[in-house]
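Have a look at the structure below before the remarks.
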Amino acid sequence: MSRSRRQELYDRIRRTSRDEFILDEMIRLGFWPESHGKPGDPAEEIRRRGELERRLWALRSESKRLHNIEALKREARRRRLAESRRKQEETKERRLRRRAERAQRWKERKERDIVYLGAGVSGGLSDTDGDGDKLASASLPTCTTAAELARAMDIGVGELRYLAFSRNASRITHYVRFTIAKRTGGKRLISAPMPRLKAAQRWILARILDPLEPHDAAHGFRTGRSIVSNAHPHVGKDVVVNADLENFFPTVTYRRVKGLFVHIGYSQAVATILALLCTEPEVAEPELDDETHYVALGQRFLPQGAPTSPAISNLLCRRMDRRLYKSSRSLGFTYTRYADDLTFSGSGEAAGRVGRLLRQVAWIAGQEGFALHAKKTRVLRRSRRQEVTGIVVNQRPAIARDTLRRFRATLFQIEKDGPEGKYWGEKPRDGTDVITSVLGFASYVAMVQPDRGVDLLRRAKKLAEIYGRRVPPRGGRIDRRQGAATRPARDRKARESSRDSEPNGDRPEGSGKRKKWWKIF
């Protein structure tokens, strides 16, 4: 008998009993009838004994197993480990499934909503409750969510998020920054928005800000108003008081701009996005690995150069204008404001209340979050030249006589010898176009004093027809980042002998369309 056959027989005997095995073999071989019992040892008895022996063997095995504590521990540990692995697999599959579902929901939500725009500015993005009736009564776009705002602006939610995202440090910027010289000395930082951001700001200006009326005392950056309309109410007064708000645009911070949009009727979510689109922090521009980075140096505020900044400042100053108007009128003064220039004028008894007026103005401005520039406060009596935003107002709106004399002299020199080596306005910079400068100033004179400006404007236009628009000489170099321009030394020396007479506000080449100096912030 082979070994495998023998082992099989042993296994059968072990599973049953020896007698039961013998009985089964006898029945299989035909030595014992299956339906008949055995005398004294029936088949049923044998099978019953085999069953009892199997149960007894099982009980012995179980008893042996139960008395082996270490084996029981190993078995329990094995079962727990298997159960733990099974649960881990189920948990892993469940987490992966939930993660995929969350990612899909997040992707869908990002396509229709904005939930995060940077640290410190994202708190109100989940609040979409606005005052629709107030917006409708003012004929403003009734947007309560980012998706509705994006549709109204005809851009995608992703692009709106990109333009409004507040970054403390980044390798991209939405502004081109350069400096221009101030009339009173120093330099003014101009932040000109990139085309896509500028388009968004122009939409905000046209659809939201322009329909809202500032206080009637505000004359800056308004259609139909100018420095001339700002000067007219102060003509012929006994005393003119000029005051200046210090750091005007940087004082109008992100929180104040957001509060303005909430006050208009927009939800926290929409107001947050609009305020981020209209503000920008001061940034440093360090270079690392030959790449420029833009690092925020403080909180966000209105940038000088954005289309929305003037209108926002006018609307934010409505309450201050109203309070200053009432306070000054009670003292007998007339009040107007052009951007950050506050002007008060009065006659008779009011001329003796200047001190009281200035104290009230400083107190009201401080309550409204502004501060007066102490060095720029001037009290002008009739005995001296009285100026309001650069216009003489002693008898009528006029240009200073010495300025007109210098301008006529410049025109005469250009008509006589040509424009080479001549300039008008600030100390000459490279790229200064003297023809454009005199043409702009002649237009300014014609606006303030039409009787004298018409002839000057005719002469300036004639020069423009003869010489055309001048361009920087070959070899000149423009630094677009800083807004500074350089020219060959011989051209600079030729200009240093001239004296400036009135700022023309020319912007450096490459910084955009030139503006007349009185339209610069």
| field | Interatomic Cα distance distribution for the range 78-180, bins of 10 angstrom, percent | value | 12, 26, 25, 17, 11, 7, 3, 1
| task | On the full set of protein chains, 1.4 Å probe, figure out the accessible area of LEU358 and give it in Å² to the nearest 10. | result | 40
| Heavy-atom surface of the range 125-207, accessible at 1.4 Å and reported per residue (Å²) | 52
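Can you check what the net charge comes to around GLY346, using other residues whose Cβ is under 12 Å from the Cβ of GLY346 (Lys, Arg +1; Asp, Glu -1)?
Details: positive: LYS237, ARG329, ARG353, ARG356, ARG381, ARG382; negative: ASP238, GLU349.
Neighbourhood net charge equals +4.
Can you tell me how the range 323-468 classifies by the Cα gyration tensor, rounded, prolate or oblate, using a/c under 1.5 as the rounded cut? Before the final figure, lay out the partial values.
On the way: a/c = 3.21, a/b = 2.32, b/c = 1.38.
Prolate, since a/c reaches 1.5 and a/b exceeds b/c.
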| With every protein chain present, what accessible area does HIS215 have (1.4 Å probe, heavy atoms only), rounded to the nearest 10 Å²? | 40
| said: At 7 Å along Cα-to-Cβ for each site, give me the label-to-label distance between TYR467 and GLU53 in nm. | reply: 13.1
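Where Lys and Arg each count +1 and Asp and Glu each count -1, what net charge lies around ALA138 among other residues with Cβ under 15 Å from its Cβ? Before the final figure, lay out the partial values.
Details: positive: LYS134, ARG207, ARG318; negative: ASP131, ASP133, ASP210, GLU213.
Local charge sum for ALA138: -1.
Heavy atoms only, probe 1.4 angstrom, no DNA, RNA or ligands counted: give me PHE221, PHE301 ranked by accessible area, highest first. Write down the numbers at each step before the final one.
Values: PHE221 70, PHE301 45 Å².
Largest to smallest exposure gives the sequence PHE221, PHE301.
Taking a ≥ b ≥ c as the square roots of the Cα gyration tensor eigenvalues, with a/c under 1.5 meaning rounded and otherwise prolate when a/b beats b/c, else oblate, which class fits the range 298-392?
Details: a/c = 2.12, a/b = 1.63, b/c = 1.30.
Because a/c hits 1.5 or more and a/b exceeds b/c, the range 298-392 counts as prolate.
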| note | Reduced to Cα centres, the span from the range 318-339 to the range 366-384 in Å works out to 13
| remark: Sorted by accessible surface (1.4 Å probe, heavy atoms of the protein chains only), largest first, THR436, THR253, THR142 come out as THR142, THR436, THR253
| remark: Placing each pseudo-label 7 Å from Cα in the direction of the beta carbon, HIS293 and ILE22 end up separated by a distance in nanometres of 9.5
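Which links in LYS187/LYS462; LYS376/LYS416; LYS198/LYS461; LYS182/LYS326; LYS326/LYS375; LYS187/LYS422 stretch past 29 Å when you go from one Cα to the other?
LYS187/LYS462; LYS376/LYS416; LYS198/LYS461; LYS182/LYS326
Heavy atoms only, 1.4 Å probe, whole protein assembly: order TYR338, TYR444, TYR10 by accessible area, highest first.
On the way: TYR338 35, TYR444 5, TYR10 115 Å².
Sorted by accessible area, descending: TYR10, TYR338, TYR444.
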| said: Rolling a 1.4 angstrom probe over the protein chains, ignoring ligands and nucleic acids, what is the accessible area of GLU282 in square angstrom, nearest 10? | reply: 100
| Rounded if a/c is under 1.5, else prolate if a/b beats b/c, else oblate: with a ≥ b ≥ c from the C-alpha gyration tensor eigenvalues square-rooted, which is the range 132-186? | oblate
| field | Approximate spin-label separation GLU111-ARG196, in nm, with each point projected 7 Å along Cα-to-Cβ | value | 1.9
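Which order do peptides 148-159, 69-80, 123-134 fall in by mean Cβ count within 10 Å, highest first? Provide the component values of the computation, followed by the final result.
Values: 148-159: 16.2, 69-80: 10.2, 123-134: 14.7.
Taking the mean over residues of other Cβ atoms within 10 Å, the ranking is 148-159, 123-134, 69-80.
The values are calculated or read from the model by the stated rules, or taken from the named source; none is laboratory data. Please read all numbers here as calculations on a predicted model, not as lab measurements. Neighbour counts run over all protein chains shown; Cβ positions are idealised from the backbone, glycine included. Just so you know, the surface numbers come from the protein's heavy atoms only, side chains and all, with ligands and any DNA or RNA stripped out. Shrake-Rupley method; radii C 1.70, N 1.55, O 1.52, S 1.80 Å.
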